[in-house]
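Remarks on the structure that follows.
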Amino acid sequence: ERLRLGSLDPNCLNEKFIQTIRNEEKMMPHLHLSLQSGCSRILKLMNRPYTAEEAESRIAKLKETIPEVMLSADIISSFPTETEEDFETTLAFLKRIGFLHIHAFSYSRRPGTPAAEMSGQIDEQEKKRRNAKLISLASEMKSQLLSEKLGKKCKVLIESQKNGFYYGHTEDYAEIAVTSEEPLF
């Protein structure tokens, strides 16, 4: 009944793709983007095939066409040579767009990768600070987006039950807990 797409490269958000998901009845208004950063300099170092500006433009077109769409994304902080300005650029990018979920990761060195050999590795304390800031921003954005849903009716796919509550997700992937006097399953 529900189709949901994840780990999408922002480049796939072209006109044809957007129209296809808009017109597909079973497609849910939630997409997970493999974004990685909101800073073009860092995206280039990561060998990502888009700039932050291109990603933002594509996301804007998506939101214009499907206003109810909710987004989540993977974000990596503390990639080698990432400055505080680069990091703040990513935070500002995320705030402008608004994400329901952010999967926040600190860069971790992987032997044999080009990034592992780069100079400008970020120390562990700074990595923890930046990731905590990303997680805090993600929580703020989620709270804001969910507060806008208060009092609105929506369809929920119930997935589990625990301690008198039923848990599930709305079509746009908001996590919901509900009670019911009648068993739901």
Using a ≥ b ≥ c from the Cα gyration tensor of region 21-64 (square roots of the eigenvalues), is it rounded, prolate or oblate, where a/c under 1.5 gives rounded and otherwise the larger of a/b and b/c decides, a/b for prolate?
-> prolate
Expressed as an acute angle from 0 to 90° and rounded to the nearest 10, what is the orientation of the C-alpha long axis of helix 84-97 relative to the principal long axis of the chain?
-> 20 degrees
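Please report the projected area of region 1-109's Cα convex hull averaged over all directions, in nm².
6.8 nm²
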Ignoring ligands, DNA and RNA, what accessible area per residue does region 103-154 give at 1.4 Å, in Å²?
-> 71 Å²
Based on a Kirkwood Rh over C-alpha pairs, give the Stokes-Einstein translational diffusion coefficient of region 1-48 at 37 °C and viscosity 0.692 mPa s in µm²/s.
-> 271 µm²/s
Express in whole angstrom the spacing between the alpha-carbon centres of region 1-34 and region 89-158.
-> 21 Å
Relative contact order of the chain, defined on C-alpha pairs under 8 angstrom at six or more residues apart (%) | 18 percent
Could you look at the chain and say what percent of its accessible area is carbon and sulfur, using a 1.4 Å probe and all protein chains?
-> 52 percent
Could you quote the convex hull projected area for region 95-185, Cα atoms only and averaged over all directions, in nm²?
-> 9.6 nm²
Charges only on Cβ, +1 for Lys and Arg, -1 for Asp and Glu: so what's the dipole of the chain about the Cα centre, in debye to the nearest 20?
-> 60 debye
Under a 1.4 Å probe, what is the accessible area of region 1-100 per residue, stated in Å²?
-> 46 Å²
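The values are calculated or read from the model by the stated rules, or taken from the named source; none is laboratory data. Everything quoted here is computed from the prediction, not taken from an experiment. Heads up, the Cβs are rebuilt from the backbone with ideal geometry, glycines too, and the neighbour counts pull from every protein chain shown. For accessibility, only protein heavy atoms count, side chains too; no ligands or nucleic acids. Shrake-Rupley method; radii C 1.70, N 1.55, O 1.52, S 1.80 Å.
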